[in-house]
Each structure stands twice: as structure tokens, then as C-alpha cells.
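The values are calculated or read from the model by the stated rules, or taken from the named source; none is laboratory data. Owing to the predicted nature of the structure, the values given are computational and were not obtained by experimental measurement. Glycine gets a Cβ as well: all are built from the backbone with ideal geometry, and neighbour counts include every protein chain shown.
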């Protein structure tokens, strides 16, 4: 157990410093939900940022926003989760390799290496402490959070900077669309739940958190526990895991006030999300959120940002309607996510 | 009191051999795996020296006993071979109820197939089955599926220290009581992608690499996979597995200096080794051997050498880089060299730093030039440093010594 004492998030919604909690909601009509990026020179030396690709800039900026938000000087560990790292740089290299095997500019190669984000953050903050990167689909951010909680438990860190980041490109989207799981045309994001176009809506974003040992006046919420589940045999099995996870943390199913569900617009994917919660937590209020940020490997970062803010502000924005009704109290929030029913994750956030 | 962590299984495939025994035989016979490129179709074919695993993908499939029901990248195949060996070595199948985790390191993931079919991905549906084998998690999940593992798993990518960090994270999860046992290590296949990437950085040697030599001129890339089975002391009482050695220390630190260069004084390397040493309860004079990261680049060897001299003031233990045997197995280097260090510990052997003849003027110590046998060894350190200054160090100790 630890506390979320700072957040830095770059997302397709109004989440930059100074913005009101998701107000006004941002409508997207392009192929995927693209992040609203900050003015980078506020966070990165313009000379250095000239050579940086978008993902690296988003990573450093959101990390710096997070550290500033927490009001700390230096984290004791930096941990990043990313499903795909810098897609843009990887594509540059693959493009060059498939035309003529000759590339002389090492910059895209360096930036395509998954650990570049964590290490660029370290260089920027001059942080020599523990530094790691997890790259496991929908376990990427979850692994970071597990590592962060371990650091606190071990007493090796007081403040851990942990976050998840992924980017989408049109090129990459055109490739993964071949798998039949993603929407093959652009839709208005706010129409996601009524759209007749089958498949998931793609998105992207970066979200870093300061995970701390102590509750302070900066605390958003308590990060109680994180659990992963690989290839469950059945929905019942997944639901059992939810109930066990909740009870290991001293809660009964009815203590969960709100569930942030991993629905993304893909019918089969969404059915699993619905079934799991219906089986495990039938009395909990629940909401879907991916119409605001789209689907990506580290999307739980957006959900954790939502949960932490909802608990601190004791308020749910109008763009996130609750079903079947608004929760009577806001003490315990569960985030459930999964990657095509292979990698399931559960994050318990408490007031 | 956190549990002690015992190593009870090893699995290793590299250019030197397809299992631990073959790798040991090559080491004992001073047989380097560095040679010309055989498998990869690349313009660099005649230009670079590398260490490739001899088997083709089809041969690896057969060796691992896999059916053609799924598509496998070379990265995954190498991982499966080594993880299978480690797992069978520790006989874990007979112990239900033990929570087994899998922590795997990789840097380029399934890039080996992705780079072949990228144009197909963009223009047609003929190679769709390889679209989802591209990311780093694919090899980890297929290794798990092949062993029937359903417990906690994750994939680490900290460049050339990925496997060392996997071993470290696995150990931390066990000490925290989240796992009873773990398979940890890394896998990497050679790809045009990183051959060209390292080539563009101008840090590849066309000749066999010469770590810690004044004339060193860069890296020979290598491929392979290596996994360790580790279990807590309590779990070991249940499994009864023979303890190979104990993981007594680890450290992870960051250079925070430059994306691809090490700091001249080796800040990250020093901090990683210092953390590992402090945790192990050992002192600089009780470490018998350091398996250095020793890539053979100007930058790494100077930086690492200085960090070693700073930590082991006045009395540097035996040091060698075994990359002239295996090539630089990048994200698998950490676990491969951990195993090489453990094999030295088990057999009382200091592995030679091959291809060394000219001492570096900047360093006082010399790497071990010759193989030294019948050494009474108790404690070995294995260093793995990566791009981005992701530096990690592991310390293993002979079992039963206090």
C-alpha cells in the first residue's frame, strides 16, 4: 500500500496542468484519439527536444509535470511501462531497412530502445537511482506499479516516479487493423458506445505518478494493491480472482463503490468486461471511460488518473456517467482492464 | 526477515552451445562462438563478426519439441529452449501449489520476423500472424504457455541489462512473498534492426572483440537466451531441489549521463556494484571474481574499469569479460553471464578474458588473461550495463557458506 502524491498526464483530454478535471470534454473525429500535447519548451530544453521524437517528449514532460505536482525535488526510483515504446522511431528504421539496408543516423535506433524514456527522464532530473522499464502489453504499467509498491515496502524508496506511456501512429494503426479487432474507420469518440462500426477505438497517452510512502496534503488517493491475471480459463475464474483480490485487501464485494471498466468498443472484449463485473461485483456502480482516451497498452494510467481524482475531489465529471446509478459514496474504486482476454489487471484505489 | 534466494535451475543457449553442458564445454575448451554471419540476410554479412546460434528456426522448433500450430519468432524459440532447460533442471512440474513467476528480458522482441515482413504488414494480409509477435511480451507469453505457467509474468527492457534486472525483480517478488519460485533471464535473437543500429553508432568491431585491451575497437553482437530458476529457502524445503548457489546481492542504478555513452568515471557502474555489494554483506576483498560487462568499446571498458578500481580500492579481484566467447547477447547478456559466473563458481574456474594482450594505460588492474583452475571461489559478481545508463550488478555465493 502506498499513496499517489503527484500526477502528470498527457492525454487526448484536457488533463494538462491548470485544466479543470476533464472540462470541457474533447471531441475527436480522426482515426485515433491523439494526445493534447503541452508546450514542450516549458519542460525540455529546446535544443535537446529538437532531436527527440514525440513519445520521448511526452514522457519527459509528463514525468516533470508529475514531479512538480508532487512538490518533490528528486524521486528515489524511475519506472516506466510501455507496450510499444517509440513506434514512430521504429517505423522510421523499418522503412529504411525495407527500402535499402542502409541507415546512418543512429538517433531513431537509440530512441526506439524501450528504456529511452526512463533514462531520458533520469538524465533530465539527474537521478542516479533505480531505473527500469516494463514492456509487457497490458501488464506494462501494472508491473511498474507493483515494482513501485515493492520499493516502498522494502524501504528502498520514499517517492517512486512510475508511469505508463504509449503512442499511436496512422501507420501502426493500419497494420494492427488487419487483425480485425480495431475499428476500420474513424468515428466520433463520444459516439463510441452507440457506434455501429465494430472494433476497438485506438488512443494513446502518458501518465506518471508519484507513489509515496506517506500520506501528505498532496495525496490524491491510496494505491492499495495491483494484481495481474494471465489467460483465465473462464469469466468465472476472472470473477473469482476479483473477489479474492478485494478480500485480500480487507474488502467485501459490496465495499467497492465504483468500477472503472476496460470496455473499448470491441463487442467481444466488452462482453468479457461486463460479465466479469456482473459476476464479481453485482452491486457496484460502474463506468466506462475509453471514449475519452481510446485503447492502448498502458491505458490503465488514464484510469488511475481518473480514480485518483474522483477520490480526492469526491466528484465524477459529467462525461463519465455511472451505471446503474451514481455511487452513494466514493471510498473504494477498482480498475479492471484486459488485453484481448489474455492479460487482465486489477488496481484497487482507496480514498 | 526476507527469505534467502536459491538458484536451482539453469538453462542456456548461445553460439557456444544449445544447453548448459555444451556451453561449459566450449568455455573449458576456449572455443569462441564469434564468426561470420550465417543466418541473417543482411548487407553487413561479410562486414561483421557475430555470435549466432547454429540452429536454424526449424531446427530450434524441433529441438524444443514444438508443433507448427503457432508462429514463433527466433527470439521466442531461443527463449523457449533455455527456459525449458532451466525448468526441467529444477524439476518444478512435480510441485503443485508453488507460485511460479516468469520475468523475461528482451530488447528487440520479435523484430526478427517483423523486419522481414514489414512491407507485407503495410500492403497485404499475407503475414498477419506475425503482427502480434512483434512486441516484447510475445516471447514471454509463449515461453509461459509452453511451460504451462499461469502465474505472474512480465517483461523487462532495459537494453543490455534487461536479463539482470529480470533476475533482480524476480528475487524481490519472492522476498516480498509474492512468488515462491521464478524463472528469470532474457532472450535475444540477432536482427538486421539492431545490427544496423549498433553499426550506425560505430561501435561494432569487425574483428573478434578485445575487452579491456588498449586496442579494443567495439562489440561483436551475439544471440541466445539464458534463464535461472530461483526459489525461496522455504520453497526449496518443499521442492528438495539441489541448490546451485545463492543470489545474495543485486543493485540497479542509473548513469543519468547520456543515452548511449557511459560517464567517464563510471558513476552508474560504481553505484550498481556498490548497492549489490552492500546488500550481499560481502566486502571488496571477499569477492573472488567479477564477470565484467566488458563490451570491448572504448567507452564501456574505461568507465567500468574505473568504477571497479574505485570500489575495489587497492585489491581488484579477478576480472574478465566473457563476451569474446559469446558475443554481446544484449538483453540476454545479464542471465548468460550470470550462468557463466555460476559455472565458474561451481567448478572453481576463473574464465579468461580472451583476446587481451595490451593493458589499458588508464587502468591499474589487468583482466585475467589465462584460464585459472582449482580456485577456491565463494563469491562472484556479474555486471550488466545498458544504453541509457541502466546499470545492474548481481552477486552469487556458493551455497552452504556463511
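Scanning the range B:224-236 turns up no residue that is touching a helix residue (DSSP H, G or I) at 6+ places or on another chain (Cβ under 8 Å) and surrounded by fewer than 19 Cβ atoms within 10 Å (Cβ to Cβ). Tell me which residues, restricted to the range B:277-326, are closer than 26 Å to residue A:134 by Cβ and part of a loop (DSSP other than H, G, I, E, B). B:293, B:295, listed by residue number. Residues in the range B:129-136: is at least one closer than 16 Å to residue B:332 by Cβ and either more than 7 Å from chain A (Cβ to nearest Cβ) or crowded, with 18+ Cβ neighbours inside 10 Å (or both)? Within the range B:129-136 (the criterion being closer than 16 Å to residue B:332 by Cβ and either more than 7 Å from chain A (Cβ to nearest Cβ) or crowded, with 18+ Cβ neighbours inside 10 Å (or both)), the answer is yes, since at least one residue qualifies.
Scoring residue B:164 on the criteria (1) surrounded by 23 or more Cβ atoms within 10 Å (Cβ to Cβ); (2) more than 11 Å from every other protein chain (Cβ to nearest Cβ); (3) at pLDDT 95 or above leaves a single failure, condition (2). Within the range A:97-112, the residues that satisfy the criterion of being closer than 23 Å to residue A:49 by Cα and more than 7 Å from chain B (Cβ to nearest Cβ) are A:107, A:108, A:111, A:112.
Considering the range B:1-116, the qualifying helices (runs of 4 or more DSSP H), each wholly inside and each with 3 or more residues that are more than 23 Å from residue B:136 (Cβ to Cβ), run over B:20-28, B:57-63.
Looking only at the range B:268-286, residues that are within 24 Å of residue B:299 (Cβ to Cβ) and touching a residue at least 40 places away in the same chain (Cβ under 8 Å) come to 9 in all. Under the condition of being in contact with a strand residue (DSSP E or B) (Cβ under 6 Å, 6 or more places away or on another chain) and outside any helix (DSSP H, G or I), the residues counted in the range A:42-73 number 1. Exactly one residue out of B:178, B:202 is part of a loop (DSSP other than H, G, I, E, B), facing another protein chain (nearest Cβ under 9 Å) and closer than 21 Å to residue B:328 by Cβ, and it is B:202. Touching a residue at least 60 places away in the same chain (Cβ under 8 Å), assigned to a loop (DSSP other than H, G, I, E, B) and either in contact with a helix residue (DSSP H, G or I) (Cβ under 7 Å, 6 or more places away or on another chain) or away from chain A (no Cβ under 14 Å) (or both): does that describe residue B:338? Answer is no for this residue.
Would you kindly identify the strands (runs of 3 or more DSSP E) lying entirely within the range A:211-319 that contain at least 1 residues that are without any contact (Cβ under 8 Å) to a residue 40 or more places away in the chain and under 24 Å from residue A:197 (Cα atoms)? Before you say what the answer is, go through the steps one by one.
On the way: elements: A:221-230, A:258-261, A:285-288.
Those strands (runs of 3 or more DSSP E) span A:285-288.
Just wondering, is there one or more residues in the range B:255-273 that are over 19 Å from residue A:130 (Cα atoms) and either at pLDDT below 95 or within 14 Å of chain A (Cβ to nearest Cβ) (or both)? Looking for residues that are over 19 Å from residue A:130 (Cα atoms) and either at pLDDT below 95 or within 14 Å of chain A (Cβ to nearest Cβ) (or both), one finds at least one in the range B:255-273, hence yes. Of the residues making up the range B:238-249, not a single one is within 14 Å of another protein chain (Cβ to nearest Cβ) and surrounded by fewer than 19 Cβ atoms within 10 Å (Cβ to Cβ). Does the range B:191-198 contain any residue that is farther than 30 Å from residue A:248 by Cα, touching a residue at least 60 places away in the same chain (Cβ under 8 Å) and more than 8 Å from every other protein chain (Cβ to nearest Cβ)? Looking for residues that are farther than 30 Å from residue A:248 by Cα, touching a residue at least 60 places away in the same chain (Cβ under 8 Å) and more than 8 Å from every other protein chain (Cβ to nearest Cβ), one finds at least one in the range B:191-198, hence yes. Residue-level analysis places residue B:344 among those that are assigned by TED's automatic domain parsing to the domain that holds residue B:378 and in a helix (DSSP H, G or I). Within the option set B:142, B:150, B:178, being assigned by TED's automatic domain parsing to the domain that holds residue B:91 and free of Cβ contacts under 8 Å to residues at least 40 places away in the same chain holds for one residue only, B:150.
Among the residues of the range A:74-91, are any touching a residue at least 40 places away in the same chain (Cβ under 8 Å), part of a helix (DSSP H, G or I), more than 8 Å from chain B (Cβ to nearest Cβ) and crowded, with 24+ Cβ neighbours inside 10 Å? No, the range A:74-91 has no match at all. Among the residues of the range B:352-367, is any surrounded by fewer than 22 Cβ atoms within 10 Å (Cβ to Cβ) and under 18 Å from the mean Cα position of the chain (by Cα)? Yes: one or more hits. In the set (1) assigned to a strand (DSSP E or B); (2) within 12 Å of another protein chain (Cβ to nearest Cβ), the condition left unmet by residue B:227 is number (2).
Condition check ((1) under 20 Å from the mean Cα position of the chain (by Cα); (2) within 30 Å of residue A:115 (Cβ to Cβ); (3) in the same structural domain as residue A:324 (by TED's automatic domain parsing)) across all residues:
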| position | (1), (2), (3) |
| --- | --- |
| A:150 | yes, yes, no |
| A:179 | no, yes, no |
| A:252 | no, no, yes |
| A:256 | no, no, yes |
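Exactly one residue out of B:66, B:54, B:24, B:10 is more than 24 Å from residue B:194 (Cβ to Cβ), assigned by TED's automatic domain parsing to the domain that holds residue B:235 and surrounded by fewer than 19 Cβ atoms within 10 Å (Cβ to Cβ): that is B:66. Going through the range B:367-397 one residue at a time, which ones are part of a strand (DSSP E or B) and within 13 Å of another protein chain (Cβ to nearest Cβ)? Across the range B:367-397, the qualifying residues are B:384, B:385, B:386, B:390, B:391, B:392, B:393. In the set B:205, B:180, only one residue is buried (at least 21 other Cβ atoms within 10 Å of the Cβ), more than 17 Å from residue B:249 (Cα to Cα) and at pLDDT 95 or above; that residue is B:180. Name the helices (runs of 4 or more DSSP H) wholly within the range A:113-178 that hold at least 1 residues that are surrounded by 24 or more Cβ atoms within 10 Å (Cβ to Cβ), at the interface with another protein chain (Cβ under 7 Å from one of its Cβ atoms) and on the phi < 0 side of the Ramachandran plot? Correct list: A:116-125, A:140-154.
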